[in-house]
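No value in this document is a laboratory result; all are computed from the given coordinates. Note that this is a predicted model, so its numbers are computed, not measured. With ideal geometry, Cβ positions are generated from the backbone for all residues, glycine too; neighbour counts draw on all protein chains shown.
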Amino acid sequence: MEKEKQSLQETVSKERENYKSVFLKKRSVCNRQSVYISGEIQKRITQIVGVITGKQVSIGNFIDNVLEEHLSTHNDVLSALYWEEMQKGIFNQPKEKDV
């Protein structure tokens, strides 16, 4: 029982460190762009990132890291969806209905 508990704690500890190394890292963000997120999400991210990193990582860094991981993780699906849409071509788009 004690061995299982220790193993679980080690797994959780590794997951925490992995999360920190992927999502809670500083990065230089060049060529910045504005995007809008809901106030509720912004408030949650500010609180979480601020407390965990001692305000060493910005909200922008966190969001950039999350999006980079998402795009990397789902690259195959996104590529397939993208090319599926591209195959339709500009001449195969639905026609606008007369109003």
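Hand me the trypsin sites (Lys or Arg not before Pro) from the stretch 1-79 located in a DSSP loop with no more than 14 other Cβ atoms within 10 Å, in residue order please.
Within the stretch 1-79, the qualifying trypsin sites (Lys or Arg not before Pro) (loop, at most 14 other Cβ atoms within 10 Å) are K25, K26, R27, R32, K55.
If the limit is 25 Å between Cα atoms, which of K20/K55; K5/K26; K3/K25 go over it?
K5/K26; K3/K25
Using 5 Å bins from zero, what percent of all Cα-Cα pairs in the chain falls into each bin?
That works out to 2, 10, 13, 14, 14, 12, 11, 9, 6, 4, 3, 1, 1, 0, 0, in percent per bin.
Would you mind working out the magnitude of the charge dipole of the chain relative to its Cα centre, with +1 at each Lys and Arg C-beta and -1 at each Asp and Glu C-beta, to the nearest 20 Debye?
It comes to approximately 500 debye.
Only Cα pairs within less than 10 Å get springs; with that Gaussian network setup on the chain, which residue of T73, T53, T11 has the largest fluctuation?
T11
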